[in-house]
Amino acid sequence: MNKFPNYLTKKFLEWQTELGARKTLEDFADYLNVSRPLLSFWMNGKRIPNADNLENISAIENGGLVVSMDGSPKPCRINTSSAWASPRISSRD
């Protein structure tokens, strides 16, 4: 059973609570640096994120720290110019 949709829904609600405002899925998709249709697929359990998207979600979850499978830190560029409380992952070079 795919538990990721429940996890993502929980994170969406927590994110809104952290911001103190209701936000749209479009806003959340932008925050995660993915398209809104892709986010909807994830939340409906029709698709699962690839490794790069999981790293981005992990980095947001951990305040910008991405850890590789062997436990060593991996570089991750964070865009801290966002008007929201938490940093947003930007695309890699």
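The values are calculated or read from the model by the stated rules, or taken from the named source; none is laboratory data. Since the model is a prediction, treat every value here as computed from it, not as a measurement. Cβ: placed from backbone, ideal geometry, glycine included. Neighbour counts: every protein chain shown. Surface areas here come from the heavy atoms of the whole protein model, side chains and all, with no ligands, DNA or RNA. Shrake-Rupley method; radii C 1.70, N 1.55, O 1.52, S 1.80 Å.
Consider segment 31-57 and keep the residues that are at negative phi and outside any helix (DSSP H, G or I). The one that is most open to solvent (accessible area, probe 1.4 Å) is Lys46.
Condition (residue is modelled with pLDDT under 85 and surrounded by 10 or more Cβ atoms within 10 Å (Cβ to Cβ)) applied to segment 12-30: is it met by at least one residue? For segment 12-30, residues modelled with pLDDT under 85 and surrounded by 10 or more Cβ atoms within 10 Å (Cβ to Cβ): absent. Scanning segment 8-27 for residues that are basic (Lys, Arg) and not in a helix (DSSP H, G or I) yields a total of 2.
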